[in-house]
1. Test of understanding: among A:Pro220, A:Pro201, which residue is of a type outside the set (Lys, Arg), under 27 Å from B:Tyr130 (Cβ atoms), assigned by TED's automatic domain parsing to the domain that holds A:Val94 and touching a helix residue (DSSP H, G or I) at 6+ places or on another chain (Cβ under 7 Å)?
2. Among (1) without any contact (Cβ under 8 Å) to a residue 12 or more places away in the chain; (2) more than 9 Å from chain B (Cβ to nearest Cβ); (3) under 24 Å from the mean Cα position of the chain (by Cα), which single condition is A:Gln166 missing?
3. Which of the residues that make up the range B:48-97 are in contact with a strand residue (DSSP E or B) (Cβ under 8 Å, 6 or more places away or on another chain), at negative phi and charged (D, E, K, R)?
4. Out of the residues in the range B:204-219 meeting the condition of being touching a strand residue (DSSP E or B) at 6+ places or on another chain (Cβ under 9 Å) and either of a type in the set (Val, Ile, Thr) or more than 16 Å from B:Gln230 (Cβ to Cβ) (or both), tell me which one is surrounded by the fewest Cβ atoms within 10 Å (Cβ to Cβ).
5. Please go through (1) modelled with pLDDT of 95 or more; (2) exposed (fewer than 13 other Cβ atoms within 10 Å of the Cβ) for A:Gln59 and return the number of the only condition it doesn't satisfy.
6. For residues that are polar (S, T, N, Q) and more than 10 Å from every other protein chain (Cβ to nearest Cβ), tally how many sit in the range A:180-218.
7. With the condition kept exactly as written, say whether any residue in the range A:198-221 is under 27 Å from A:Ala168 (Cβ atoms) and more than 19 Å from the chain's Cα centre (by Cα).
Amino acid sequence: MAYINHEVVERQMTKRRTKNTVFKNLFLGATLLALLALVVLMYRMITQGAGYLSLDFLQNFSSRFPEKAGISAGLVGSLAMLAVVTPVSLFLGVGAAIYLEEYAKKNKVTTFIQMNISNLAGVPSIVFGLLGLTIFVRMLGMGKSILAAGLTMSLLILPVIIVAAQEAVRSVPGSLREASYGMGATKWQTIYKVVLPAAIPGILTGSILALSRAIGETAPLVVIGIPVIVQFLPDGILSEFTALPMLIFDWAKRPQEEFQYVAAAGILVLMMLLIFMNSIAVFIRNKFQNRY
Amino acid sequence: MVQAIVREEQQTKQEMKVLQNQPRENVYETNNLNLWYGDKHALKDINLNIQENNVTAIIGPSGCGKSTYLKTLNRMVELVPSVRTTGEINYRQRNILDKGYSVEELRTKVGMVFQKPNPFPKSIYDNIAYGPRIHGIKNKKVLDQIVEQSLRGAAIWDEVKDRLHDNAYGLSGGQQQRICIARCLAIEPDVILMDEPTSALDPISTLKVEELVQELKENYSIIIVTHNMQQAARISDKTAFFLNGEVIEFDATDKIFSNPSDKRTEDYVSGRFG
């Protein structure tokens, strides 16, 4: 045995170690650059918007005067839309994931469906907006309502929820299912009592991230024709409404400089909402993390 | 508890038979069983009769079909897609391979302990109560009794009685396996199938499980797959030797290990291959 020439190994050592350090720093740089972009964004928003953040800002409707403009209609509208999106997308998404993982036979048809779900996740949101406009707003006559927008957003995030839920269901070890079947449990009992409890942290984490995307999306709402100037709070699921990102979009378009600051304040509220939702996701993940 | 009463009756019948020196009844009669995984012929013309209140060991080299045969006895093998079987397996005189035989009913009578301990990520109590609960028992007092009796039956009550509501994952591997055995006892089975139950355990835990098997055979019929020949020799009454999907020899364990009639069995048990 003389395959390893220790002299050669030693000679190459410096080069190998340099490469090692270079790559470490390269990746560190990539991380810092991404963070820097976020920090700059946050800095701009806070310096510009913080001055306009007040209780009045949360309680007022939008206005021609920057100092009187507020986001109450958008905030309530967005939360009301979320109240439609959450049950619809969770029920459909988790249901489809369970069907695909636990019931469907693995054959060409399911592979094809699977592929298309992944593709759907990549379809631009504006396309979902057009779909929502055609089907929910016009064909089903829902108008520019919370229901129509909520269903459109549900379709938009459905593929993401399905994929996340499928992964969570798949990561439940087969040995747990075997244990349950081995005691005479039916498929449904096994899913309900073993698979779902073990998969729920993963399902919720993925779903909350998808829901926060639904809150931030603007394009589908623009296409549906959600109005901006709304001087009332929604009074039901078929009520017209406006949403946070719509207001921000509207203010940012206006010529007066002050409205840029109002937009920044709106973004701050939206960001706080998103950070709140994401921390719930992190909390759930840490609290219910199972070891198998 | 009707099942318990039936069991007692069975036991008395059993005792009378022993007194009268009658042969034990067969729990399983396998006739010309063939099984394919896709194109692979995994079990070939298996004919085996398994007696009640015995420990029957199944030995053989890896890939010989011993685990497949065990999983056919409670039809767990059907979890693998593309499995096809012919022939019949009569459990207490009824063919379990019949379309009409409900697997849920079968698995309530035939419990299984797996190779790797697989407790649920729940408390010890909920693990044991899982089986009774899925079969519709809700009464807290009854569940408490089942949990205690099952844990006692698996000789682990004293170790866990003060921490019944702790997660079962906090236990050692050997304890987890006995929890799994207790969980299996909680459905009050007639037969217990064990698929290499000690292969993931340390020697001391293995010893405990082996002692437990000796105690359990008073009340249950046990079929155990093992790759450990000493284990088969120590704990079983009868041994079947599988090779390439066929039963080469099936006889009293003493005979298999001291005076086998087939050359291949002799080679295997004396450690010449496998």
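1. So the residue among A:Pro220, A:Pro201 that is of a type outside the set (Lys, Arg), under 27 Å from B:Tyr130 (Cβ atoms), assigned by TED's automatic domain parsing to the domain that holds A:Val94 and touching a helix residue (DSSP H, G or I) at 6+ places or on another chain (Cβ under 7 Å) is A:Pro201.
2. Single failed check for A:Gln166: (1).
3. Selection gives B:Glu52, B:Lys66, B:Lys71, B:Arg84, B:Glu88.
4. B:Lys217
5. With respect to (1) modelled with pLDDT of 95 or more; (2) exposed (fewer than 13 other Cβ atoms within 10 Å of the Cβ), A:Gln59 is out only on (1).
6. Residues meeting the conditions: 4.
7. yes
Residue-wise test of (1) more than 30 Å from B:Ser82 (Cβ to Cβ); (2) hydroxyl-bearing (Ser, Thr, Tyr); (3) without any contact (Cβ under 8 Å) to a residue 12 or more places away in the chain.
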position: A:Pro87; (1), (2), (3): yes, no, yes
position: A:Leu92; (1), (2), (3): yes, no, no
position: A:Glu101; (1), (2), (3): no, no, no
position: A:Thr111; (1), (2), (3): no, yes, yes
position: A:Ser118; (1), (2), (3): no, yes, no
position: A:Ile126; (1), (2), (3): yes, no, no
position: A:Gly129; (1), (2), (3): yes, no, no
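The values are calculated or read from the model by the stated rules, or taken from the named source; none is laboratory data. For clarity, every value in this text was computed on a predicted model and none was experimentally measured. Positions of Cβ are generated from backbone atoms using ideal geometry, with glycine treated the same way; all protein chains shown enter the neighbour counts.
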